[in-house]
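I am attaching a structure below and will ask some questions about it afterwards.
Values quoted throughout were computed directly from the atomic coordinates according to the rules given, and no laboratory measurement underlies them. Everything numeric in this text was worked out from a predicted model, so none of it was measured. Cβ: placed from backbone, ideal geometry, glycine included. Neighbour counts: every protein chain shown.
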Amino acid sequence: MPNCKSFLVTEAERKHVRRRARFQQHRDASCHHLFFLQGKARKEIHVILKETSGEHAPSYATVKNWVAQFKRGDFSTCDAPRPGRPTPEITDQIHELILEDRQISAKSIAEQLGISRERVGSIIHEDLDMRKLSAKWVPKCLNADQKRQRCHSSEQNLGCFRRDSNDLLSRLVIMDETWLYHYDPETKQQSMAWRHSGSHRPKKFRVQKSAGKVLASIFWDQDGILLIDYLPKGQTINAGYYSFLLVQLRAILKEKRRGKITKGIFVLHDNAPAHQALATQKKMAYLGFQCLHYPPYSPDLAPSD
């Protein structure tokens, strides 16, 4: 099987040969016209072309057809439009339809212009060099201010990391929330079981996640988990509840990570309302915690990931 490179070279050579053949055909037709005006016969014209062009000379039948066309008064040396050969007008019409509606189908274009679907596809791919691509999914369409803030926050965090990466990671505490279901369906890896070669595969039925769930708030650093808190039923995370978790976090750091509070703690959490509330910011300042800037609508990733 030829590789992609050889295919591309062959395709380029094929287009070059086609253009060269059209140019040579136009040149030969012009010579026919000149010899015809000089009053030369068909055989004489064919002999002259054979002497000058050699194996590339047109056949006697082609010379005969050209002379017959000139005798009818048709002295045009250009190819007449015919089915299967795209004209500039049709190509422009297809291009205009695509620019008006980027999602238009080849079938719709063919029906509007009265040509075949295959011809439309050939013009779009070969002449217009266009491809139909699906849209790329992004989680959020950011406005100019959000993009500017995202760039500013990223530059600040990157500057802290470049100054002393080891110091930043040793002082960093990350917080995130996740929903924990009372029962999660068995994964494909978990369902694997040993069987003899002739035995049937084990069956697994589709099971929905249980309705019961609890919100877990997790704090961790580069050495492991620091605090896991499960939100009581019927309660929501607000500024007061999150401030209470920060107090617990400081007590655990004082017990498990001696000397870390003295260096200073960087807290990285997302931009949830409870995290950005004024009461939360005052509590963090009172506890001696500094908040790292979190770019808006960023992927839920942390340096430890």
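Going by average Cβ neighbours within 10 Å, how do the peptides 273-286, 225-238 rank, with the highest at the top?
The peptides rank, most packed first, as 273-286, 225-238.
Amide H of Lys213 versus every other amide H placed in the peptide plane: which residues, excluding those fewer than 5 positions away on the same chain, fall under 5 Å?
His182
Too long at a 27 Å Cα-Cα cut-off: which of Lys136/Lys233; Lys233/Lys283; Lys147/Lys233; Lys256/Lys282; Lys140/Lys263; Lys50/Lys71?
Those over the limit are Lys136/Lys233; Lys147/Lys233; Lys140/Lys263.
Mind listing the long-range amide H neighbours of Phe289? Cut-off is under 5 Å, sequence gap 5 or more, other chains count too, H placed in the peptide plane at 1.01 Å from N.
Counting only residues 5 or more places away or on other chains, the set is empty.
Where does the charge balance sit around Ser243 when Lys and Arg score +1, Asp and Glu -1, over other residues with C-beta under 14 Å from its C-beta?
Once all neighbours under 14 Å are counted, the net charge is +2.
I'd like the Kirkwood hydrodynamic radius of the stretch 85-145, using the inverse of the mean 1/r over distinct C-alpha pairs, in Å.
About 13.0 Å for the stretch 85-145.
Sum up the charges of everything whose Cβ sits under 13 Å from the Cβ of Glu96, counting Lys and Arg as +1 and Asp and Glu as -1, but leave Glu96 out.
Summing Lys and Arg as +1 and Asp and Glu as -1 gives -3.
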